[in-house]
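Okay, so here's the structure we're looking at.
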Amino acid sequence: MAGEAQDDCLFCKIVAGQIPATIVRETDTTVAFRDINPQAPTHVLVIPKAHHKDAAALAAEAPQLAADVLRETRAVADEEKLDSYRTVFNTGSGAGQTVWHAHAHVLGGRGLEWPPG
Ligand code: AMP
Ligand code: ZN
């Protein structure tokens, strides 16, 4: 069922504390932690605690939770003292999604090119 923890999901395991992560923020509904393979001086992932497979599913199945995730991206940027930053939701393998639990990348701390690769 939408939102239920998945046994085989890496990010559900981070939410459950079964896999370690460098957590920078936590709310009732979200967790933010540092990406293990950072692509910028700040590279934090913001995830809903509930399992939704990608950003589109999250928005359709739990719009309030999607808003919580977006609000948290700003909170992370504030904590990291970033005026400019990029929020990325890779959606689908062709766009680089590798973990099938919705997550926002918050990238900043260096100049960011547009368009992205
Ligand atoms: P994506 O490719 O958009 O699905 O993003 C998945 C992100 O998760 C990648 O940037 C990975 O570096 C990151 N990642 C994978 N495993 C971990 C982990 N154990 N802790 C933190 N970040 C991770
Ligand atoms: Zn999950």
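None of the figures in this text is laboratory data; all of them are computed from the coordinates on show. The structure presented is a predicted model; accordingly, all values stated were derived computationally and were not measured. Here Cβ is always computed from backbone atoms with ideal geometry, including for glycine, and neighbour counts include all displayed protein chains.
Identify all residues within the stretch 81-96 that are more than 13 Å from the chain's Cα centre (by Cα) and without any contact (Cβ under 8 Å) to a residue 24 or more places away in the chain; write none if there are none. Even if it seems obvious, please write down each step before you answer.
In the first step, residues of the stretch 81-96 are kept if they are more than 13 Å from the chain's Cα centre (by Cα); the result is 81-85, 92-96.
Answer for the stretch 81-96, where residues must be more than 13 Å from the chain's Cα centre (by Cα) and without any contact (Cβ under 8 Å) to a residue 24 or more places away in the chain: 81, 83, 93, 94, 95, 96.
Which count do you get for residues in the stretch 83-116 that are in a loop (DSSP other than H, G, I, E, B) and closer than 25 Å to residue 3 by Cβ?
In the first step, residues of the stretch 83-116 are kept if they are in a loop (DSSP other than H, G, I, E, B); the result is 83-85, 89-92, 96-103, 109-116.
Filter once more, so that each one left must be closer than 25 Å to residue 3 by Cβ: 89-92, 96-103.
Count: 12.
Consider residue 6 carefully, then state whether it is within 13 Å of ligand 2 (Cβ to nearest atom), among the polar types (S, T, N, Q), on the phi < 0 side of the Ramachandran plot and in contact with a strand residue (DSSP E or B) (Cβ under 8 Å, 6 or more places away or on another chain).
Working: within 13 Å of ligand 2 (Cβ to nearest atom): yes; among the polar types (S, T, N, Q): yes; on the phi < 0 side of the Ramachandran plot: yes; in contact with a strand residue (DSSP E or B) (Cβ under 8 Å, 6 or more places away or on another chain): yes.
The answer is yes for residue 6.
Just checking: which of the helices (runs of 4 or more DSSP H) contained wholly in the stretch 9-80 hold 3 or more residues that are within 13 Å of ligand 1 (Cβ to nearest atom) and touching a residue at least 40 places away in the same chain (Cβ under 8 Å)?
Per the criteria, 10-15.
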